[in-house]
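K.L.:
Below are the C-alpha cells for one structure; questions will follow.
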Amino acid sequence: MKLDKFINRPVLSTVISILIVILGVLGLVSLPVSQYPDIAPPTIRVNTTYTGANAQTVLNSVIAPLEEQINGVEDMMYMTSTATNTGDASIEVYFKQGTDPDMAAVNVQNRVAKAQGFLPVEVTQVGVITQKRQTSMLMGFSLYSSDDKYDVNFLENYLNINTVPEIKRIPGVGDVMVFGTDYSMRIWLKPDVMAQYKLMPGDVTVALAEQNIEAAPGQFGEKGDQSFQYIMRYKGRLQTVEEFEDIVIRATPEGEILRLKDVANVELGRLTYGYDNKVNGHAGVTAIVFQTAGSNATEIINNISDYLNKIEKDLPSGVKIATLINANDFLFASIHEVLKTLIEAFILVFLVVYIFLQDFRSTLIPAIAIPVALIGTFFGLYLIGFSVNLLTLCAMVLAIAIVVDDAIVVVEGVHAKLDQGYKSARLASIDAMSELGGAIVSITLVMMSVFIPVSFMGGTSGTFYRQFGLTMAIAIGLSAINALTLSPALCAIFLKPHQQKEEKKKKTTFIERFHIAFNVAYDRLLKKYEKSILFFIHRKILAFGVVVVTAVLLILLMNITPTGLVPNEDTGTLFVVVDMAPGTSQERTQYVMQQVDSLVAANPAVANRTQVTGYSFLAGQGSSYGTLIVKLKDWSERKGEGQDLNSIIGSLYMQAKTAIKDARVLLFAPPMIPGYSVTNGYELNLQDKTGGDLDDFYEIAQNFLAKLRERPEIATAQTSFNPTFPQYMIEIDAAKCKQAGISPNDILTTLQGYYGGIYASNFNRFGKLYRVMIQADPKYRVSPESLQGIKVRNGNEMAPITQFMTLKKVYGPDNIKRFNMFTSMSVNGSAADGYSSGQAIKAIEEVAAAELPTGYGYEFSGMTREEQGSSGGTTAIIFALCLVFVYLLLSAQYESYLLPLVVILSVPSGLMGSFIFAQIMGVENNIYMQIALIMLIGLLAKNAILITEFALDRRKTGMSIKDAAISGASARLRPILMTSLAMIIGLIPLMFAHGVGANGNSTLGTGSIGGMLIGMICQIFIVPALFVAFEYLQEKLKPMEWHDTDNTEIESEIEQYTK
C-alpha cells in the first residue's frame, strides 16, 4: 500500500488530524447529553374520571369499552389499566421501540373516539384525555410555605395557575403530575333543609344550568341606517361565592325566593380532598415532570431549572422551592467519574507504552493518536444521531487500548527498520508502512466487524449494543486513518536513527538503567517464552485441550454467573411507600405519615423530603396510602460509612419496622433505566384468565407470593391489591320503587348527588375554567346512619330513601388492574442480597410453573420484561454473530476456511477469564459485562491475528511451519504485551471504581481486565501451536506458494530458530 504521500507531506497529515479534531469538537458541543440512550418504549396514556363510581363500575363501564377498541393498535406491545374507587380510570399502552410516539398517539386517539358512544354521559362530559408520555420521572420539585403562611389549597392552585402551564410548554415535557388538585366551587348541600323544601340534588343542578351560563344576545344597529352599533352583553358565568349563593332555586308568585345559600354552604374549595401534601414538614405541593419519548432529557431539565430559578424571586413571601428528583444530578456525577477514569486510563496507558518503547518521542506518537481518534468520534456520533451518554463514554474508555494499538504497531514497525540499520527515519517510515499498511486496514476491518453486527439487534439490549458498538467502530476507523496518515508522518519527524555504540560511553541515568534492566528481563522472558512455545508445538493435543477446557469452563461460568440488565446505583433519591389497613381514613394515615416523616428527617443524609398522603406509587390513589419522596444530600457530602443509598434504605426500614406497627413501610430506589417503571426491582403481573372471582384470585396470588418469599433469591415480594377494603353493597327494592312511582335510578342519582358528588357546571376564574361540584356537607355523610336523613321525592312528598334500599356490608378492592385485558395483580419486589435480578426472574418462573393453577398466568412488565426477553439466548447470539463475522472476514483474507480457526479458537479463553474475574469480584453478567465481552472478542482476535499474520508471512518466504510460528510469536510478543498490559493497567481505576456509577464501571472494568489478562496468557502459548496444526492441514489441501525465498534477512532469521 503506497502511503509515502502522507509521510512526505507531514502538513497534509497534520491537517487531516486537525480537521478530525475540529469536527469532533463541533460534534461534541452539538450532541445532547443523557444518562442512557432513548430506550424506554413510547407510551400513550388514556385517562378519565367517573365521579362517584367505584373501581368495579369504572372497570365495567369505562375501561372495558376503551380497551376493546384500543387493543391491537399498530405496533402495540402490551397495555395496562387501573380503575380506582375514586372514579379514576387510566390505560397505558406501550409500543415497540422505534415507534413514532406522535403517530401512536393519533392511532390510540382514533380508537378512543370509536369507544365514546359506549361510555357513560358523566365520563364524556369530563372528557377522555389521550397523551403521549413516558413513565420516566425527569424532575420533581415542591413549593412549600416555610413560615406556614399559606395553606395547601393556595399553594396547589398557585402552582397550577402560574407554574405548571409554563413547564408544559417546555419542549419535550410530556406531562406534569401534581399531587394536588384545582380550585372548585363546592356547593355543600344540607339534606335536612333540602328535604324541608322538597328539593333534590337534581333541582340544584337544573338551577345552575339555567343561571350559570354564557350567552350571545347579539347587537343593535347591524345592517341599519344608524350611526352606531351596540353590542349586548350578558354577565356570563358566575365567578364568586356570593354570586353562586344568590342563585334562585325557587320563586313564588307571592315574591318568596329560595336561594342556594338557604339550602347549601358555598365555598371556593378543592376539586378533590383525596390528597394532603407536606414538604420538609410544612404545607406544600409537589409536582413530577415526565418527558415525551425521543426528547432530550438533559435539555428539558436544564430548561425547567432555569425557569424555576427565574420565578423563585417572584414567589409569595415565605414560599420556597425544593428539588426532590433531578435526573441530571446522577447523570453529570456519573459522567464526571467516567471522564476522571478516562484521564487516569490515558495516563496509565502512556506510562506503560513509555516503559516498553523506552523513548519519549516514540511514546508521544501513540499519545497523540488517542485524543485525535476519541475527539473525532464525537462527530461520528453526531452524524448518526447518538448522544453523549454513559454507554458511549464507557466505549471511549475501552477504545483507548484499541486506538493506541494501531499507532504502536506503526512505531514498532519503524523502530524495526531503524534496528536494521536505516539511517533515515523518513525512509524507515516509508518502507515500514509499505509492509504494515495492508495489515492495519485488514485488522481494522476485522475489529469493526466485531462491533457492527451487534448494532442491528432490536429491543432494549440492541439499543445498548448499538450505542457501544458503533462508538467503538467509529473510534477504530478513525484510529486506522490516524495510523495511516499522522502516525507515520510523526515517526519520520520524531524518530532518530539508532546509535547503540555511543550509548555505552554516556553516563546512564536512573531511567536509562531501568530501561536496560527491563530489556535484560524481557530478553530472558523471551527465551523462556520460545521454549514454552516449542513445548506446546510438540504437544499440540495439549493446546487443543486448553481450547476445549476453556470452552467448557466458559459455558459453565456463563450458566452460574448471576445475570441482570444494568446494576443498581446510588441515584441520590429514594421512595417510601406506606400502606395502612384497608379502609383507614386519610386523617389516620396522615398521622402515621408524620411518624415516618420524622424518622426520615432525622437521618443526616437527607436534604429534602415531601410526604403525600392519599397516594402510592405502587397502588395509586386511596385514603390508606402514603408516599414520601426523599432527596439525599450530594454524594460529596455523604462519603462516610452507612451514607450510601442501600445503607440508608436498610437503616430507615429497620427503624420504621420497629417504630411503626400498624402500617407496612416499603423503601426502594428509583429505576436505573428511566421510563420503564417506578421501582428498581422486578415487576410482574399475575393474570386471571378465567374471569373468576377476585377473592379466589387473591387467595391464589397470596399462595404464590408465600412460595416466592421462601426462595433464597427473593428478598421481598408484595402486591398492592387487597380485596378486604370495607364497603357497602346497595340493594334497591324495585317493587317498592314502582309502587311509589319512582325508579331505582332516582335512588342512585340522589345518592350520587349527596355522597358521590355531581359535576354540575363550570365557572371561570384566574383565566382558567373550573368545575362546580354538588355534594352533601361532610358532616351529613359521616356514617351509614346518615342515610336516615336523606329523602327522595315521591310525587309531592318526601320519603326516606331507606324505605327503598338497604345496605349490606361487604369487602372489595380499592383498585382493580388489568394487563392485556385480563384482571391482574401487579407484584413488585427485589432480589435478595447476593442474588441478581436474573436469578430472581428465574425463581419467579419456577414458582409460577409449580404453583399457578390452570387458567392463571403471569407476564413481566417494565424493565423486568426487557431483561427477561434479552437474557440467555441473546448473549449467545451476540457472541456467535461477532465470531461468525470475524471468521468470514479472515477466511476471505487468508483464502482459507481452516486458518481463521486459529484466531476463533483462541478467543474463548479470554471470555472465560472475564467470567472468572466476575465470580471473584462478585459482579453479574449484565449489559456492561456483555459490552466488555464484545470488546474482548475484537481485541483477542487482534492479538491472534498479529501472531498468525506474521507467521504466515514468514512461512511464505520459506520458513518451516514450526519456525514460522515461533518467529511470529516471538516477534509479536512485545507489541501484544504492550497493548494488552496498557489496557489492563489503564482499566484498573475502572475495575476498582467507587462513588457515583461505581457498580457499572466496576463490572465493565472487571470483565475487560479479567478477559484480557487470562486471554493474553492463554493466546501467546496456544496460538502458535494452533497455527502449526491448521497450517499443516491447509497445506495438505492446498500446497504453499513460496514468495521472496532469496531474502537474506529471512534466511538469518531462519538460522536463529533452527540452531
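Every number here is computed from the coordinates shown, using simple stated rules; none is lab data. No experiment lies behind these values; they were computed from the predicted model shown. Here the Cβ positions follow ideal geometry from the backbone for every residue, glycine too, while neighbour counts run over all protein chains shown.
K.L.:
Largest first, please: the extent of the C-alpha atoms of region 861-998 along each principal axis, to the nearest Å.
P.N.:
Each principal axis gives a Cα extent; for region 861-998 these are 62, 31, 19 Å.
K.L.:
Given labels modelled 7 Å from the Cα in the Cβ direction, how far is it in nm from Glu210 to Lys1036?
P.N.:
10.7
K.L.:
Another question about this same structure. Running Debye on region 402-483 with equal point scatterers at the Cα sites and no solvent, what base-10 log of I(q)/I(0) appears at q = 0.16, 0.18 Å⁻¹?
P.N.:
The Cα Debye sum returns log10 ratios of -0.64, -0.73.
K.L.:
Arranged by the count of other C-beta atoms within 10 angstrom, fewest first, what order do Arg638, Arg169 take?
P.N.:
Arg169, Arg638
K.L.:
Still on this structure, I have one more. Beyond 26 Å between alpha-carbons counts as too far, so tell me which of Lys540/Lys956; Lys168/Lys235; Lys149/Lys310 fall in that bin.
P.N.:
Correct reply: Lys168/Lys235.
K.L.:
Taking the highest mean first, how do the peptides 784-791, 445-452, 173-180 order by number of other beta carbon atoms within 10 angstrom per residue?
P.N.:
445-452, 173-180, 784-791
K.L.:
Rounding to the nearest 10 and keeping the result within 0 to 90°, find how far the Cα-based axis of helix 101-115 lies from the longest principal axis of the chain.
P.N.:
30
K.L.:
How large is the convex hull of the C-alpha atoms of region 657-728 per residue, in Å³?
P.N.:
Given the Cα convex hull of region 657-728, per-residue volume reads 165 Å³.
K.L.:
To the nearest 0.05, what FRET efficiency results for Tyr197 and Gln226 with a Förster distance of 56 Å applied to their C-beta separation?
P.N.:
The calculated FRET efficiency here is 0.70.
K.L.:
Relative to the longest principal Cα axis of the chain, at what angle does helix 586-601 sit, 0 to 90 degrees, rounded to 10?
P.N.:
It works out to around 30 degrees.
K.L.:
Kindly state, as a whole number, the per residue volume in cubic angstrom of the convex hull around the alpha carbon atoms of region 795-866.
P.N.:
214
K.L.:
Under a point spin-label approximation (7 Å from Cα along Cα-to-Cβ), what is the Glu166-Asp246 distance to one decimal in nm?
P.N.:
3.6
K.L.:
Order these by the 10 Å Cβ neighbour count, fewest first: Met194, Met654.
P.N.:
Fewest to most other Cβ atoms nearby, the residues stand as Met654, Met194.
K.L.:
How many Å³ per residue does the convex hull of the Cα positions in region 696-761 occupy?
P.N.:
144
K.L.:
Just to be sure I understand the model, the point goes 7 Å from the Cα along the line to the Cβ. What's the resulting Arg361 to Asp262 distance in nm?
P.N.:
It is 10.9 nm.
K.L.:
Here is a follow-up. Taking the Cβ of Met447 as the center, what net charge do the other residues with Cβ under 11 Å away carry, scoring Lys and Arg +1 and Asp and Glu -1?
P.N.:
Local charge sum for Met447: -1.
K.L.:
Next up: Rounded to the nearest Å, what's the spacing between the alpha carbon centres of region 92-131 and region 309-380? Just the number, please.
P.N.:
That distance is 43 Å.
K.L.:
Could you state the orientation-averaged shadow area of the convex hull built on the Cα atoms of region 549-697, in nm² to one decimal?
P.N.:
13.8
K.L.:
With a sphere of radius 12 Å drawn around the Cβ of Leu526, what net charge do the other residues whose Cβ falls strictly inside it have (Lys, Arg +1; Asp, Glu -1)?
P.N.:
+4
K.L.:
A further question on this structure: Largest first and in whole Å, give the semi-axes of the chain's equivalent ellipsoid, each being the square root of 5 times a Cα gyration tensor eigenvalue.
P.N.:
Listed largest to smallest, the semi-axes of the chain are 73, 30, 25 Å.
K.L.:
Going by amide H atoms built from the backbone, whose H comes under 5 Å of the H on Asn815, apart from near neighbours?
P.N.:
Answer set, sorted by chain and number: Asn722.
K.L.:
Here's something else I'd like to know. Using alpha carbon centroids, what distance separates region 591-661 and region 889-922, in Å?
P.N.:
49
K.L.:
My understanding is that a pair violates if its Cα-Cα distance is over 31 Å; which of Lys689/Lys809; Lys340/Lys496; Lys278/Lys809; Lys738/Lys808 do that in this structure?
P.N.:
Lys340/Lys496; Lys278/Lys809
K.L.:
Within a 10 angstrom radius of the beta carbon, how do Arg466, Arg781, Arg539 rank from fewest other beta carbons to most?
P.N.:
Arg539, Arg781, Arg466
K.L.:
Could I ask something else about it? Asn762 to Ala581: extension gain in nm, 0.36 nm per residue of separation minus the Cα-Cα distance?
P.N.:
Computed gain between Asn762 and Ala581 is 61.5 nm.
K.L.:
What value, in deg cm²/dmol to 500, does the helix sum -39500 (n - 2.57) over DSSP H runs of n ≥ 4 give at 222 nm once divided by the residues of the chain?
P.N.:
-17000 deg cm²/dmol
K.L.:
Tilt of helix 645-659 relative to the longest C-alpha principal axis of the chain, in degrees (0 to 90, nearest 10)?
P.N.:
Tilt relative to the chain: about 40 degrees.
K.L.:
Give the calculated FRET efficiency between Asp777 and Asp182 to the nearest 0.05, with a Förster radius of 30 Å applied to their Cβ-Cβ distance.
P.N.:
E(calc), rounded to 0.05, equals 0.90.
K.L.:
Next up: For region 824-831, just list the computed ³J(HN,Hα) in residue order, Karplus coefficients 6.51, -1.76 and 1.60, θ = phi - 60°, integers in Hz, with x standing in for Gly and Pro.
P.N.:
Karplus-based 3J(HN,Hα) across region 824-831 equals 9, 10, 7, 10, 10, x, 9, 6 Hz.
K.L.:
Taking the alpha-carbon distance from Lys132 and a cut-off under 13 Å, which aspartates and glutamates remain once sequence neighbours fewer than 8 residues away in the same chain are dropped?
P.N.:
Those aspartates and glutamates meeting the cut-off are Glu92, Asp100, Asp102, Asp175.
K.L.:
Another question, then. For region 98-142, divide the Cα radius of gyration by the Kirkwood radius and give the resulting Rg/Rh value with two decimals.
P.N.:
Taking Rg over the Kirkwood Rh, I get 1.12.
K.L.:
Provide the descending list of Cα extents for region 918-966 along its principal axes, expressed in whole angstroms.
P.N.:
On the principal axes, region 918-966 reaches 49, 18, 8 Å in Cα extent.
K.L.:
Right, here's the next one. What percent of all Cα-Cα pairs in region 266-425 falls into each 10 Å bin, going from 0 up to the bin containing the maximum distance?
P.N.:
Spelled out per bin, shortest first, that is 8, 23, 21, 16, 13, 9, 6, 3, 1, 0, 0.
K.L.:
Rounded to whole Å, give me the distance from the Cα center of region 19-82 to that of region 190-227.
P.N.:
42
K.L.:
5 Å is the cut-off here: which amide hydrogens, built 1.01 Å from N in the peptide plane, fall below it relative to Ser616, excluding neighbours closer than 5 in sequence?
P.N.:
Gln621, Gly622
K.L.:
Which FRET efficiency, nearest 0.05, do Leu769 and Leu351 yield, Cβ-Cβ r, R0 56 Å?
P.N.:
0.20
K.L.:
I need the phi-derived Karplus couplings for region 44-61: 6.51 cos²θ - 1.76 cosθ + 1.60, θ = phi - 60°, integer Hz, Gly and Pro marked x.
P.N.:
In residue order, the calculated couplings are 10, 10, 10, 9, 7, 9, 10, 4, x, 7, 8, 4, 5, 5, 4, 4, 6, 9 Hz.
K.L.:
While we're looking at this one, here's another question. Would you mind calculating the gained length between Phe456 and Ala706 on full extension (0.36 nm times residue separation, minus the Cα-Cα distance), in nm to one decimal?
P.N.:
Value of the extension gain: 85.8 nm.
K.L.:
Here's something else I'd like to know. Count the net charge of all other residues whose Cβ sits under 10 Å from the Cβ of Gln229, scoring Lys and Arg as +1 and Asp and Glu as -1.
P.N.:
So the surrounding residues net to 0.
K.L.:
Once you keep just the Cα pairs under 8 angstrom separated by 6 or more residues, what percentage relative contact order results for region 750-850?
P.N.:
12
K.L.:
Here is a follow-up. For region 744-805, treating each Cα as an identical point scatterer without solvent, what Debye log10 I(q)/I(0) comes out at q = 0.14, 0.20, 0.26, 0.27 1/Å?
P.N.:
The computed values of log10 I(q)/I(0) come out as -0.49, -0.80, -1.11, -1.16.
K.L.:
Length gain on complete extension for the stretch Asn302 to Asn519, per 0.36 nm per residue less the alpha carbon to alpha carbon distance?
P.N.:
Extra length from Asn302 to Asn519 when fully extended: 72.6 nm.
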